[in-house]
Amino acid sequence: MSTNIQPPRPLSSIPNRFDSDEVQSQWAKLREIFAYRNLLKNLVIRDLKARYKNSVLGIVWSLLNPLLMMAVYTVLFTILIPNDDIQKYPIFILVALIPWQFHATTLMSSTGSIVNNAAIVKKVYFPRILLPTASMLSNFVNFLLASIILLILLFAFGVGLTIHALWVPLILLTQVIFLLGLAYILSTLQTFYRDTLMILEVGLLAWFFLTPVFYPFERFGDHAELWGFVFNPARLMRWINPMASIIDGYRTVLWGNVGSSGPGPMDPLALLRTFVTAVLIFIFGYFLFSRSEHLFGEKL
């Protein structure tokens, strides 16, 4: 009696079922998110209404807030601590302050988006990722409203818009992707560790001073030394702090640089590097959130 024994197939010829199932699962989740787009819209509207509920000025605060902050910094750094080498300081500060406020308010609101909605998370099924996404989008609406003030002041101060302003959508896209990734990471951590928000408050303060909002990169010297390590502070900040590159990008294409006569072009390689960093953070945040969301109900 003869037996027909088949030799084992090489591993390379065996289909990777796990990878196939994983891809199909992620596509299913993306289709589900798209199917719940009306819920996302309602969540954004709810966040906007809740933010200005019982407020006398309502959504006008989105316009007044950056103006008031601009006025404070302008008085501080043009009268009390003069910056003679920075022309049109209100524009200099505003083109950085509005994106920074978008960044800070998005992180603060999205971090608690799951915990603050514990009641509906435990009772009703929907893609949980819509909650931090809605927080980002509601702050994005405020960012667009504040940008109207910036646009008006750009022309009022004689800067206007140049061809270099066409870089703004790409810079904004990079920032949105970066913010979504951080929102997914922080909202997940806050669900498991409730002191995440308190740490974030301190971290944002340090992050603000490490980002060129009220000072230009040109203020840094060519080198600095820390614990015997010599480095270029501006270059190091661009590499380790994506918001530094994003803020500097807005300022370059809308205001210019110290010593320049006006707005200038964005460095494509610098933007590409920041974009890649933002995409990597987004991917990490998305998978961290999607792999953890089934535990949210238990932790809440």
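Mind listing just one residue for me: the one in the stretch 127-164 that is free of Cβ contacts under 8 Å to residues at least 40 places away in the same chain and part of a helix (DSSP H, G or I) and, of those, surrounded by the most Cβ atoms within 10 Å (Cβ to Cβ)? Looking at the filtered set, the residue picked out is 139. Got at least one residue in the stretch 249-270 being buried (at least 17 other Cβ atoms within 10 Å of the Cβ), of a type in the set (S, T, N, Q) and within 27 Å of residue 85 (Cα to Cα)? Yes; the residues of the stretch 249-270 include at least one that is buried (at least 17 other Cβ atoms within 10 Å of the Cβ), of a type in the set (S, T, N, Q) and within 27 Å of residue 85 (Cα to Cα). The residue that is farthest from the chain's Cα centre (by Cα), among those in the stretch 99-113 that are crowded, with 23+ Cβ neighbours inside 10 Å and either at pLDDT below 95 or of a type in the set (S, T, N, Q) (or both), is 113. Restricted to the stretch 194-300, the set of helices (runs of 4 or more DSSP H) holding at least 2 residues that are farther than 26 Å from residue 88 by Cβ and touching a residue at least 40 places away in the same chain (Cβ under 8 Å) comprises 196-209, 268-292, 296-299. Report yes if residue 154 is within 21 Å of residue 255 (Cα to Cα) and under 17 Å from the mean Cα position of the chain (by Cα), otherwise no. Taking the combined requirement at face value, the residue does not satisfy it. Exactly one residue out of 41, 88 is at pLDDT 80 or above and over 18 Å from residue 215 (Cβ atoms), and it is 41. When 179, 173, 137 are checked against the criterion of being within 23 Å of residue 265 (Cα to Cα), modelled with pLDDT of 95 or more and among the hydrophobic types (A, V, I, L, M, F, W, C), 173 stands alone in meeting it.
Name the residues in the stretch 107-126 that are polar (S, T, N, Q), part of a helix (DSSP H, G or I) and touching a residue at least 24 places away in the same chain (Cβ under 8 Å), would you? Listed by number, the residues that qualify are 109, 110, 111. Among residues that are surrounded by 15 or more Cβ atoms within 10 Å (Cβ to Cβ), at pLDDT below 90 and not polar (S, T, N, Q), residue 30 is not included. For the stretch 175-193, the set of residues classified as surrounded by fewer than 22 Cβ atoms within 10 Å (Cβ to Cβ), part of a helix (DSSP H, G or I) and among the aromatic types (Phe, Trp, Tyr) consists of 192 only.
I'd like to verify a number: residues in the stretch 106-152 that are among the hydroxyl-bearing types (Ser, Thr, Tyr) and under 20 Å from residue 294 (Cα atoms), how many? Even if it seems obvious, please write down each step before you answer.
So in the stretch 106-152, the residues among the hydroxyl-bearing types (Ser, Thr, Tyr) come out as 106, 109-111, 113, 125, 133, 135, 138, 147.
Then drop every residue that is not under 20 Å from residue 294 (Cα atoms), which leaves 110-111, 113, 125, 133.
Count: 5.
State which residue is surrounded by the most Cβ atoms within 10 Å (Cβ to Cβ) when the search covers only the stretch 216-240 and only residues that are closer than 20 Å to residue 275 by Cβ and of a type in the set (Lys, Arg).
The residue in question is 238.
Taking the numbered list (1) under 11 Å from the mean Cα position of the chain (by Cα); (2) within 21 Å of residue 38 (Cα to Cα) in turn, residue 122 passes all entries but (1).
The values are calculated or read from the model by the stated rules, or taken from the named source; none is laboratory data. Treat the numbers as computed from the prediction; the structure is a model and nothing was measured. Note: ideal-geometry Cβ built from the backbone for every residue, glycine included; neighbour counts use all protein chains shown.
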